[in-house]
Structure formats: structure tokens, C-alpha cells
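Okay, so here's the structure we're looking at.
A short reminder: the numbers here are calculations on the coordinates, not readings from a lab. Not measured: the values here are computed from a predicted model.
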Amino acid sequence: MTYAIVWDESAIDAAARFLKDDPDGLRQLMDAIDLLADQPRPDGSAEYGSPDLRRMHVGRYRVMYEITEATVTIVVIHVGRLG
């Protein structure tokens, strides 16, 4: 089953802010998020209060996302950067 990736507006805004000073890091983050379409619970991701709310680190970045089985979607809720 392939999931649709949907970005929350606040996550898009955060990613856009990081694009200016770290395009390579953001590209790595986007590639990792795209892979969630085929594997929504990859090794290295962790439950965040429930099995369908997950958190994942990619390089300097962290992403929080929610898996919705009923509509086969992954909603990217938050993108942040460490340090």
C-alpha cells in the first residue's frame, strides 16, 4: 500500500525557512519523508504517544507526522531543526 504525503501549512513554512541556509540538509529530509509513502514506520522512527503519531530524526532535522489508515495518508505536522 502506498500512502499519500500531505504537508501541514506550518510544516511547509518551517521547511521554507530552513531552505535558505541548508538546502542539502532539507533535500535529505524531503527524500526521507518521500520514503514514508512506502514504509510509514521505518527503523529509527518512534511512536509519539500513539502508534500512528510518529517522530523521526534526519540529520539535523526532526519531523513529526501522523499516519491515517482510513485515507491512506501521512500528514507532516512539524519540521524542526536541532541546534
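Of note:
- Calculated mean residue ellipticity at 222 nm for the chain: -9000 deg cm²/dmol, from DSSP H runs with n ≥ 4 weighted as -39500 (n - 2.57), summed, divided by the residue count and rounded to 500.
- Note, ³J(HN,Hα) from phi for the stretch 5-19, Karplus 6.51, -1.76, 1.60, rounded to Hz, x at Gly and Pro: 9, 10, 9, 5, 4, 5, 5, 5, 4, 5, 4, 4, 5, 7, 4
- When DSSP beta bridges are restricted to pairs lying wholly in the chain, around 80% turn out antiparallel.
- Its Cα gyration tensor gives the chain an equivalent ellipsoid, and the semi-axes of that ellipsoid, as √(5λ) in whole Å with the largest first, are 21, 13, 12.
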